[in-house]
1. Quick check on the range 71-81. Is at least one of its residues touching a helix residue (DSSP H, G or I) at 6+ places or on another chain (Cβ under 7 Å), open to solvent by less than 20 Å² (accessible area, probe 1.4 Å) and either at pLDDT 95 or above or among the small types (G, A, S) (or both)?
2. Are there strands (runs of 3 or more DSSP E) fully within the range 164-263 with at least 2 residues that are touching a residue at least 40 places away in the same chain (Cβ under 8 Å) and among the hydroxyl-bearing types (S, T, Y)? List them.
3. Can you name the residue in the range 31-70 that is among the polar types (S, T, N, Q) and crowded, with 19+ Cβ neighbours inside 10 Å and is also nearest to G220 (Cα to Cα) among such residues?
4. Of a type outside the set (G, A, S) and either open to solvent by 60 Å² or more (accessible area, probe 1.4 Å) or in contact with a helix residue (DSSP H, G or I) (Cβ under 9 Å, 6 or more places away or on another chain) (or both): is that true of L244 in this structure?
5. Which residues, taken from the range 26-63, are of a type in the set (D, E, K, R) and without any contact (Cβ under 8 Å) to a residue 60 or more places away in the chain?
Amino acid sequence: MRPFSILTALITTCFLAGGLSSCAPTITTYQLEPVSGDIATIDGRLVTKAQQNGVGVVASFEREDLEFVTLDVEVKNRTDHPIEVNPADFHFTALGVAHDTLPDLSNANLALTRTAADPTYEASRMGFKRKQEEKRLKRAKIFNTILMVAVIASDASSSSKSHSYREYSRNQVAHSFAYQGIAVKRAVDYSTFADRMQRYDYEEYRWRELALKANTLAPGESIRGFVYLPKVANARYLAINYTLPEQAVVPLLFKQDLVQQRKTRR
């Protein structure tokens, strides 16, 4: 196969793969509901509350959010002394249908446990993520330039040689397709860059404004915010514990369902 034919095949394959990956007819969404504690329906939402040693937690499922499932959580201090609240003190164990502990994929001898995201740490990573995305765009620009040079060289070479009209027309169509393919790839690269940078803006806002904040609660005070738990697709239940060392372990149990929904066209 000639070099230009290889280049054309490569561009065609890339765009076909990208097109097919964006045409999934259904999407899977996560739905959680509390199945333990004092459960009530408030504004159409199931809310649970539990308490131990004067430390109270009120929680409900908020939504699926990128790589997390989100709980709307309020921590209340009903003790006679200050307590330290930190969202990273929320942990969960993934359970199966029979409330059996699921094994960790990296070590079958260990239970599958996860810790809620630490908003302070996650917010500190936003600068690094943006720099990585800028580097990715620069690499894409270099690759696009290499593709363009190769196509121009092939176009000039084929034009300078004597061909039959049929071969000339075929080469013109192939080169026109290659030029259009590179233009589309450039547009996709910039669109991907813009989408990811916009996502990082949202993530930064999420960690700074929406997430439950680490704080010291005086007696009688409470604090509310979102707690972000890493997704575990094969879990049927999440056995969540809010742990204050040597003070309290507040248990919460949520049932998890994966719901198939049709992907709407935009």
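1. Just the residues of the range 71-81 that are touching a helix residue (DSSP H, G or I) at 6+ places or on another chain (Cβ under 7 Å), to begin with: none.
No, the range 71-81 contains no residue that is touching a helix residue (DSSP H, G or I) at 6+ places or on another chain (Cβ under 7 Å), open to solvent by less than 20 Å² (accessible area, probe 1.4 Å) and either at pLDDT 95 or above or among the small types (G, A, S) (or both).
2. On the way: elements: 215-217, 222-230, 237-244, 248-262.
Because the criterion is at least 2 residues that are touching a residue at least 40 places away in the same chain (Cβ under 8 Å) and among the hydroxyl-bearing types (S, T, Y), the strands (runs of 3 or more DSSP E) in the range 164-263 that meet it are 222-230, 237-244.
3. Kept after step one, since they are among the polar types (S, T, N, Q), are these residues of the range 31-70: 31, 36, 41, 48, 51-53, 60, 70.
Remaining after also requiring crowded, with 19+ Cβ neighbours inside 10 Å: 48, 60, 70.
Details: T48: 20, S60: 21, T70: 26 Å.
Among them, the one singled out is T48.
4. Numbers: of a type outside the set (G, A, S): yes; either open to solvent by 60 Å² or more (accessible area, probe 1.4 Å) or in contact with a helix residue (DSSP H, G or I) (Cβ under 9 Å, 6 or more places away or on another chain) (or both): yes.
For L244, the condition - of a type outside the set (G, A, S) and either open to solvent by 60 Å² or more (accessible area, probe 1.4 Å) or in contact with a helix residue (DSSP H, G or I) (Cβ under 9 Å, 6 or more places away or on another chain) (or both) - is met.
5. Within the range 26-63, the subset of a type in the set (D, E, K, R) is 33, 38, 43, 45, 49, 62-63.
Of everything in the range 26-63, those that are of a type in the set (D, E, K, R) and without any contact (Cβ under 8 Å) to a residue 60 or more places away in the chain turn out to be D38, D43, R45, K49, R63.
The values are calculated or read from the model by the stated rules, or taken from the named source; none is laboratory data. Bear in mind that the values here come from a model prediction, so they are computed numbers and not experimental data. Cβ coordinates were reconstructed from backbone atoms using ideal geometry, including for glycine residues, and neighbour counts include every protein chain displayed. Protein only, heavy atoms only, side chains kept; ligands, DNA and RNA dropped before computing areas. Shrake-Rupley method; radii C 1.70, N 1.55, O 1.52, S 1.80 Å.
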